[in-house]
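Engineer: Sharing a structure here in structure tokens format.
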Amino acid sequence: MRESLSFGKHVIQHLNTQRPVPDTVYANTWPLFSQALIARYCAKRRIPLVLHIQDVYPEALAGKAPRWMTNLANPRCYWLDRWVARKSNKLILISRRIRNYFQETRHVPDAKLATIANWQDEALFNDPPCREAAYGRYSVPKGGFIFVFCGSVVPSAGVDLLIRAFRSAGIRDTKLVIAGGGSDLSECIRFARSSPDIRFCAVS
């Protein structure tokens with residue numbers, strides 16, 4: 001939450017320095033609070049806002065917090081998310097399924113929604129590289145196993161928990177490869193420094 005609020009505040013500080021005032025604001029930012037701060041800023045100044053939604057919150061947090069906390073917070077988060085959607089001039093969703101769900105639960109007119117897929121073409125993975133080459137690259141004995149995490153290394157992803165679980169499991173002839181970046185990357189690298197079986201790969 002602190003990260004989302006901080007990001008929103010810094011975006012607004014930057015927007016306040018822009019002259020002339022932007023014709024339109026495109027925001028691909030942290031939910032929910034960062035989105036709400038930017039939406040409020042744009043609404044007050046009548047600046048059209050195009051909001052890119054990568055995931056639906058608070059639903060994406062299901063199971064990541066105690067039930068009493070979600071029961072308390074979810075109604076307020078739903079209300080805030082619907083308010084942000086109403087204040088946005090255009091909403092970009094990453095799949096038809098999420099678009100349909102968002103339209104049904106947030107009661108947003110279809111004309112306000114657009115779908116732009118942003119994932120990899122799965123055909124790229126139909127011809128995987130040689131397994132023996134991967135063994136050599138990550139120093140895994142032949143017949144060993146490589147666990148891979150690929151994604152954003154942020155608090156909600158729980159990469160620190162993944163590192164702790166991999167260490168606790170102590171499975172022989174395995175490696176853990178973490179491919180991605182994010183606000184928790186440096187901390188996770190420090191946390192895993194004493195574990196030679198954990199590798200980090202930059203993703204561009």
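Engineer: Provide a single number: the residues in segment 1-39 that are under 14 Å from N89 (Cβ atoms), of a type outside the set (S, T, N, Q) and part of a helix (DSSP H, G or I).
Structural biologist: Filtering segment 1-39 down to residues under 14 Å from N89 (Cβ atoms) leaves 22-27, 35, 38-39.
Adding the requirement that they be of a type outside the set (S, T, N, Q) leaves 22-23, 25-27, 38-39.
Those left that are additionally part of a helix (DSSP H, G or I): 38-39.
Going through segment 1-39 one residue at a time, the tally reaches 2.
Engineer: Right, another one. Anything in segment 177-199 that is over 16 Å from the mean Cα position of the chain (by Cα), within 23 Å of E3 (Cβ to Cβ) and crowded, with 17+ Cβ neighbours inside 10 Å? List them, or say none.
Structural biologist: Here is the first cut: in segment 177-199, the residues over 16 Å from the mean Cα position of the chain (by Cα) are 177, 186-199.
Checking the rest, the ones that are also within 23 Å of E3 (Cβ to Cβ) come to 186-192.
Across segment 177-199, the qualifying residues are C188, A192.
Engineer: Considering only residues that are free of Cβ contacts under 8 Å to residues at least 24 places away in the same chain and surrounded by fewer than 13 Cβ atoms within 10 Å (Cβ to Cβ), look in segment 149-171 and name the one that is nearest to R137 (Cα to Cα).
Structural biologist: In this case the residue turns out to be G170.
Engineer: Let me ask something additional. Does segment 92-104 hold any residues that are without any contact (Cβ under 8 Å) to a residue 12 or more places away in the chain and either touching a Cys at 6+ places or on another chain (Cβ under 6 Å) or surrounded by 10 or more Cβ atoms within 10 Å (Cβ to Cβ) (or both), and which are they?
Structural biologist: Within segment 92-104, the subset without any contact (Cβ under 8 Å) to a residue 12 or more places away in the chain is 97, 100, 103-104.
Answer for segment 92-104, where residues must be without any contact (Cβ under 8 Å) to a residue 12 or more places away in the chain and either touching a Cys at 6+ places or on another chain (Cβ under 6 Å) or surrounded by 10 or more Cβ atoms within 10 Å (Cβ to Cβ) (or both): R97, N100, Q103.
Engineer: Need the failing condition index for Y78 against (1) in contact (Cβ under 8 Å) with a residue 12 or more places away in the chain; (2) in contact with a helix residue (DSSP H, G or I) (Cβ under 7 Å, 6 or more places away or on another chain), just the number.
Structural biologist: With (1) in contact (Cβ under 8 Å) with a residue 12 or more places away in the chain; (2) in contact with a helix residue (DSSP H, G or I) (Cβ under 7 Å, 6 or more places away or on another chain) applied to Y78, the lone miss is (2).
Each value in this text was obtained by applying a stated rule to the coordinates, not by laboratory testing. This is a predicted model, so every value here is computed, not measured. A quick note on method: Cβ atoms are made from the backbone with ideal geometry, for glycine too, and the neighbour counts reach across all protein chains shown.
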